[in-house]
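Okay, so here's the structure we're looking at.
Throughout, read-outs are computed from the coordinates displayed, never taken from laboratory work. All values reported here derive from a predicted model rather than from experimental measurement. Note: ideal-geometry Cβ built from the backbone for every residue, glycine included; neighbour counts use all protein chains shown.
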Amino acid sequence: MNSKLNNNFFKKAAATTSLLALSLLVNPAHAVNWTEIGDAGQLLSTAQEPLGDGALRNIYGSVSTNADVDLYKIFISDPITFSASVTSTSGNFDSVLALFNGGGYGVYGNDDARLGDRNAGLPAGSLLGPQAPGWYYLAVFGLDTTPTSGNGTTPDHYIAPDTSSPFTSVIGASGPGGASPLTGWAPVAPGDVVTLNEEYRLRLSGVSVSPVPEPETYAMLLAGLGLVGAMARRRKVFTE
Ligand SMILES: [Ca+2]
Ligand SMILES: [Ca+2]
Ligand SMILES: [Ca+2]
């Protein structure tokens, strides 16, 4: 091999390693699909955190009754593209979605994504949506229950209005209790709990798991880049 070829080879190797390192850091290759383990709780302390490595694309779960709430702790890595939408296997689940920030304060929620569609959806690009990357809590629940805050579960403490027309609107934490974090859930019609056993699929974008690479990952990538660079430099000295 002549020196020109060697130099080109090592330049190429260094460039390839750099691109690989960048793509690993910026764009995790893996897509994660999470299946609810047991039953996700309904409070910040009992929320379920999907695990894995990469972009969280789907959560598969189920709700047992119209008073059941599944709360998931998620890392929104890209608030601009964040979106969430639910479909149920049966098509009969009148779902609601509500997003809370890391402190449990309501961000926004939706009952029906579209007119004539009972599936809930939180669209990307909503002015009410998350403004910064970070930890959030996403709740999936049936139409007949609503998040509460403060010291009770009376309607006075509802974070969001329990009824809002049109039901397709995306609403902020505009209920009387919206200035306080989530403390519980209240049935809209107390005593009217019905069995649902509905399976749902929650589609997500802008969410990742293992959002922060371990320090060792950075160290390995930097060491790799340094090694390739050093080899290229040494080759150049020896062959010229
Ligand atoms: Ca569940
Ligand atoms: Ca639950
Ligand atoms: Ca709905």
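With a Förster radius of 35 Å, plug the Cβ-Cβ distance of Ser174 and Asp53 into 1/(1 + (r/R0)^6) and report the FRET value to the nearest 0.05. With a Förster radius of 35 Å, E is 0.40.
Taking Lys and Arg as +1 and Asp and Glu as -1, the other residues whose beta-carbon sits under 12 Å from that of Tyr200 total -3.
Here the Karplus curve 6.51 cos²θ - 1.76 cosθ + 1.60, taken at θ = phi - 60°, turns the phi angles of the range 58-74 into couplings of 9, 10, 9, x, 8, 10, 8, 9, 6, 9, 7, 10, 10, 10, 10, 8, 10 Hz, with x standing for Gly and Pro.
Classify the range 31-209 as rounded, prolate or oblate from the Cα gyration tensor: take a ≥ b ≥ c as the square roots of its eigenvalues, call it rounded if a/c is under 1.5, otherwise prolate when a/b beats b/c and oblate if not. Intermediate results must be reported in sequence, preceding the final value.
Values: a/c = 1.36, a/b = 1.18, b/c = 1.15.
Verdict is rounded for the range 31-209.
Seen through its C-alpha gyration tensor, with square-root eigenvalues sorted a ≥ b ≥ c, the range 117-188 comes out oblate because a/c lies at 1.5 or above while a/b is not bigger than b/c.
Other residues whose C-beta falls under 13 angstrom from the C-beta of Ser90 contribute a net charge of -1, scoring Lys and Arg +1 and Asp and Glu -1. Efficiency by 1/(1 + (r/R0)^6): what FRET value for Leu115 and Arg201, r their Cβ-Cβ distance, R0 = 22 Å, to the nearest 0.05? So, using R0 = 22 Å, E works out to roughly 0.55.
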